[in-house]
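One structure is given below, encoded as structure tokens.
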Amino acid sequence: MYKVNEPLELTLLYHLNSPPPEAYAQPVPAGEMRYLADTPVLELPPVPRDNPLASLLSKRLSVRAFQNVQMSQTVLAQLLDSACGINGLRQVQGYTYEGRNAPSAGGLYPLEMFVSIQEVTGLAAGLYHYEPRGHTLQWVNESTPHDFITPLLDQDFITHANALFILTGVFMRSLYKYGTRGYRFVLFEAGHQAENICLMAVELGLGSLCLGGFHDSSINRLLGIDGQRHATLYCIAVGSEKV
Ligand SMILES: Cc1cc2nc3c(=O)[nH]c(=O)nc-3n(C[C@H](O)[C@H](O)[C@H](O)COP(=O)(O)O)c2cc1C
């Protein structure tokens, strides 16, 4: 196994060397597409869809055209809370801890949540940081979703999205305990939170788009984070779908 003095070095070796590809030219070889291609299959029973979660899951899809419709602060709060909100205290074996809407390896919560907004009732357009403890927003700067289009590799689908959620990771919160494996956990957790936002968006009659294609240092600069100890991981745009 590769040995390094500090887990962060190995994490950054990968993180800083995984920019978006310049072209998507290679088709996936057929052999990579189906696992156990020659093994007989066993048919499963049909899946009942008449339950709230199955219904949400079946309605989630990527929306790439949003329209300018006001979003209420309550809706913004629900979306933020779905990702990383605290939903009460839990007691396990005499130990009390915060219950959150997404799991976190070791309860270490390495992610931070930023949100760039426009057309949210009563809030100035710009970039905010969400603090789950206290359920509060803090003003960061004037960057609106429009300012993220170039860093998002010119993906202008988000032009009229009300909110662009930006999940960032403070790697050492996980790496202190888990070493280099903690890097995986930080990424897994971003996936958990992103899916929660997508499903809450469906529940609220909104559309969402997950965005992994972006120029890291441009987004980190907009957020005012160093891109090494604290770096952007994933973005999710939410708004009213243009029909
Ligand atoms: C990790 C990840 C990164 C993605 N990045 C982008 C992106 O940068 N731009 C985009 O338009 N869609 C992006 N998508 C959305 C996918 O293209 C989309 O989920 C996929 O085509 C399946 O369609 P569906 O979401 O409608 O089911 C991303 C999805 C995931 C899971």
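Cβ-Cβ under 7 Å, sequence separation 6+ or interchain: first residue in region 140-154 and free of Cβ contacts under 8 Å to residues at least 60 places away in the same chain, partner crowded, with 22+ Cβ neighbours inside 10 Å. Which pairs?
Matching pairs, first to second residue: Thr144/Ser116; Ile149/Ile158.
Specify which of the listed residues (Pro19, Pro7, Pro27) is surrounded by fewer than 13 Cβ atoms within 10 Å (Cβ to Cβ) and more than 22 Å from the chain's Cα centre (by Cα). Full working, then the answer.
Numbers: Pro19 fails: more than 22 Å from the chain's Cα centre (by Cα); Pro7 fails: surrounded by fewer than 13 Cβ atoms within 10 Å (Cβ to Cβ).
The conditions single out Pro27.
Filter region 58-74 for residues that are over 17 Å from the mean Cα position of the chain (by Cα) and either among the hydrophobic types (A, V, I, L, M, F, W, C) or not in a loop (DSSP other than H, G, I, E, B) (or both) and give the result. Reasoning before the result, please.
Of all residues in region 58-74, those over 17 Å from the mean Cα position of the chain (by Cα) come to 58-59, 65-74.
Scanning region 58-74 gives Ser58, Lys59, Ala65, Phe66, Gln67, Val69, Met71, Gln73, Thr74.
Within region 226-242, is there a residue that is within 13 Å of Leu79 (Cα to Cα), surrounded by 18 or more Cβ atoms within 10 Å (Cβ to Cβ), within 12 Å of the ligand (Cβ to nearest atom) and touching a residue at least 60 places away in the same chain (Cβ under 8 Å)?
Just the residues of region 226-242 that are within 13 Å of Leu79 (Cα to Cα), to begin with: 236-239.
Within this subset, residues satisfying the condition of being surrounded by 18 or more Cβ atoms within 10 Å (Cβ to Cβ) are 236-239.
With the extra rule that they be within 12 Å of the ligand (Cβ to nearest atom), the set shrinks to 236-237.
Remaining after also requiring touching a residue at least 60 places away in the same chain (Cβ under 8 Å): 236-237.
Yes, some residue in region 226-242 is within 13 Å of Leu79 (Cα to Cα), surrounded by 18 or more Cβ atoms within 10 Å (Cβ to Cβ), within 12 Å of the ligand (Cβ to nearest atom) and touching a residue at least 60 places away in the same chain (Cβ under 8 Å).
Are any residues in region 126-162 surrounded by 15 or more Cβ atoms within 10 Å (Cβ to Cβ) and closer than 18 Å to Gln78 by Cα, and if so, which ones?
Of everything in region 126-162, those that are surrounded by 15 or more Cβ atoms within 10 Å (Cβ to Cβ) and closer than 18 Å to Gln78 by Cα turn out to be Leu127, Tyr128, His129, Tyr130, Pro132, Leu137, Ala161, Asn162.
I'm told Glu119 meets every condition in (1) surrounded by 17 or more Cβ atoms within 10 Å (Cβ to Cβ); (2) of a type outside the set (S, T, N, Q); (3) within 16 Å of the ligand (Cβ to nearest atom) except one. Can you identify the failing condition by its number?
Condition not satisfied by Glu119: (3).
Could you please find all residues in region 194-225 being of a type in the set (S, T, N, Q) and more than 11 Å from the ligand (Cβ to nearest atom)?
Selection gives Asn196, Ser217, Ser218, Asn220.
Would you mind stating whether Arg64 is more than 21 Å from Phe188 (Cα to Cα), touching a Phe, Trp or Tyr at 6+ places or on another chain (Cβ under 9 Å) and among the basic types (Lys, Arg)?
Values: more than 21 Å from Phe188 (Cα to Cα): yes; touching a Phe, Trp or Tyr at 6+ places or on another chain (Cβ under 9 Å): yes; among the basic types (Lys, Arg): yes.
Against the criterion (more than 21 Å from Phe188 (Cα to Cα), touching a Phe, Trp or Tyr at 6+ places or on another chain (Cβ under 9 Å) and among the basic types (Lys, Arg)), Arg64 qualifies.
Go through (1) within 16 Å of the ligand (Cβ to nearest atom); (2) farther than 23 Å from Phe214 by Cβ one by one and return the number of the condition Ala83 breaks.
(2)
Being surrounded by 10 or more Cβ atoms within 10 Å (Cβ to Cβ), aliphatic (A, V, I, L, M) and outside any strand (DSSP E or B) narrows it down to one residue among Leu13, Leu42; which is it?
Values: Leu42 fails: surrounded by 10 or more Cβ atoms within 10 Å (Cβ to Cβ).
Leu13 is the lone residue from the list that is surrounded by 10 or more Cβ atoms within 10 Å (Cβ to Cβ), aliphatic (A, V, I, L, M) and outside any strand (DSSP E or B).
Please identify the pairs in which a residue from region 17-28 that is within 14 Å of the ligand (Cβ to nearest atom) has its Cβ atom under 9 Å from the Cβ atom of a residue that is assigned to a loop (DSSP other than H, G, I, E, B) and among the small types (Gly, Ala, Ser), counting only partners at least 6 apart or on another chain.
These pairs meet every condition: Pro20/Gly212; Pro20/Gly213.
Among the residues of region 69-115, which ones are closer than 21 Å to Leu206 by Cβ, touching a residue at least 24 places away in the same chain (Cβ under 8 Å) and either touching a Lys or Arg at 6+ places or on another chain (Cβ under 9 Å) or among the β-branched types (Val, Ile, Thr) (or both)?
Result: Val69, Val75, Cys84, Gly85, Val115.
Each reported figure results from applying straightforward, stated rules to the coordinates on display, with no laboratory input. Nothing here was measured: the structure is a model prediction, and the numbers come from that model. Here the Cβ is made from the backbone with ideal geometry for all residues, glycine too, and neighbour counts use every protein chain on show.
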